[in-house]
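Colleague: Right, I'll just put the structure down here and ask away after.
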Amino acid sequence: MFVFAPDIEAPKAVLYADLFKAADALTDGETDAIANMANISALLWQFLPDLNWAGFYRMIGDELVLGPFQGKSACIRIPLDKGVCGAAARTGEVQCVRDVHAFPGHIACDTDSRSELVVPVISSGKVIAVLDLDSPIVARFDDEDVDGICKLANLLSDRINK
Ligand code: SME
């Protein structure tokens, strides 16, 4: 059993440092990509406030396919020319969207979503997945969230690549 107790009231930098340690402990030595994505989704869902979705889409062929997540059922396949996730996978760049209603082509899997952070997971120079967080609050994600989630994505790059 894993017991983690990050303080969700702590400053974001502290919370993300705790989450990084927890993610490292959860995935260290585990070679099953699905198990690792599932545990990271659960970890983020439990300890990051104000989310309505947290999870992964995997690059399979030329599209993104739904991976392990927490939240409501979501769209299964996303072409790279569609949505915030498609933009992150196509460009290899973080997409931090303050207001999803202002993002052309945003895919509303859940109409409650108002802001979104999508970070590409890159292994050997290729996008192998994206880590997607949604929030019902406009402008939920800031530079500290981007930094914290990017560090997690880096940690995971060779732990979800199977
Ligand atoms: N909103 C995403 C689709 C995935 S869901 O948010 C889970 C997008 O525009 O790509």
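Colleague: With a 1.4 Å probe and every protein chain left in place, tell me how much accessible area Lys72 has, in Å² to the nearest 10.
Modeller: 110
Colleague: Starting from the Cα gyration tensor of the chain, take the square roots of the eigenvalues, sort them a ≥ b ≥ c, and report rounded, prolate or oblate (rounded when a/c is under 1.5, otherwise prolate if a/b is larger than b/c, else oblate). Before the final figure, lay out each step's value.
Modeller: Details: a/c = 1.63, a/b = 1.14, b/c = 1.43.
Taking the square roots of the gyration eigenvalues as a ≥ b ≥ c, the chain is oblate.
Colleague: Something else: Under 22 Å Cα-Cα from Lys82, which lysines qualify once same-chain neighbours fewer than 8 residues away are excluded?
Modeller: Lys72, Lys126
Colleague: Moving on. Please give the FRET efficiency for Ala35 paired with Glu9, using the beta carbon to beta carbon distance and R0 = 25 Å, rounded to the nearest 0.05.
Modeller: The pair Ala35/Glu9 has a calculated efficiency of 0.25.
Colleague: Counting only other residues whose beta carbon sits under 11 Å from that of Arg140, what net charge do I get with K and R as +1, D and E as -1?
Modeller: -4
Colleague: Work out from phi, with θ = phi - 60° and the Karplus expression 6.51 cos²θ - 1.76 cosθ + 1.60, the ³J(HN,Hα) of each residue of region 120-126, listed in order in whole Hz, and give x for Gly and Pro.
Modeller: x, 9, 10, 9, 6, x, 10
Colleague: Another question, then. What number comes out for accessible area per residue over region 25-119 if the probe is 1.4 Å? Units Å², please.
Modeller: 46
Colleague: How much length, in nm to one decimal, is gained on full extension between Val146 and Lys21, taken as 0.36 nm per residue of separation minus their Cα-Cα distance?
Modeller: On the way: separation 125, 0.36 × 125 = 45.00 nm, distance 1.70 nm.
Between Val146 and Lys21, full extension yields an extra 43.3 nm.
Colleague: Could you order Ser41, Ser157 so the one with the most accessible surface comes first? Probe is 1.4 Å.
Modeller: Numbers: Ser41 0, Ser157 20 Å².
Result, largest first: Ser157, Ser41.
Colleague: While we're looking at this one, here's another question. So for the chain, averaging the separation of alpha carbon pairs under 8 Å that are six or more residues apart and normalising by length, what relative contact order in percent results? All intermediate terms of the calculation are to be shown ahead of the outcome.
Modeller: Numbers: 320 pairs, mean separation 38.3, N = 162.
Across the chain, relative contact order equals 24 percent.
Colleague: Along Cα→Cβ, 7 Å out, is where each label goes; now give me the distance between the ones at Asp62 and Thr111 in nm to one decimal.
Modeller: Each label point is offset 7 Å from its Cα along the Cβ direction, giving 3.4 nm.
Colleague: Taking the Cα-to-Cβ direction at Arg90 and at Ser157 and moving 7 Å from each Cα, how far apart do the two end points lie in nm?
Modeller: Inter-label distance under the simple model: 2.3 nm.
Colleague: Quick one: order Ile8, Ile40 from most to least accessible surface, probe 1.4 Å. Display every interim value, and only then the final one.
Modeller: On the way: Ile8 80, Ile40 0 Å².
I get Ile8, Ile40, largest accessible area first.
Colleague: At a Cα cut-off below 16 Å, give the aspartates and glutamates reachable from Lys151, other chains included and same-chain residues fewer than 8 away excluded.
Modeller: Asp18, Asp24, Asp28, Glu93, Asp132, Asp142, Asp143
The values are calculated or read from the model by the stated rules, or taken from the named source; none is laboratory data. Model, not experiment: these values are computed from the prediction. Don't worry about glycine lacking a Cβ; one is built from the backbone with ideal geometry, like all the others, and counts go over all protein chains shown. Heads up: the accessible areas ignore ligands, DNA and RNA and are worked out on the full protein's heavy atoms, side chains in. Shrake-Rupley method; radii C 1.70, N 1.55, O 1.52, S 1.80 Å.
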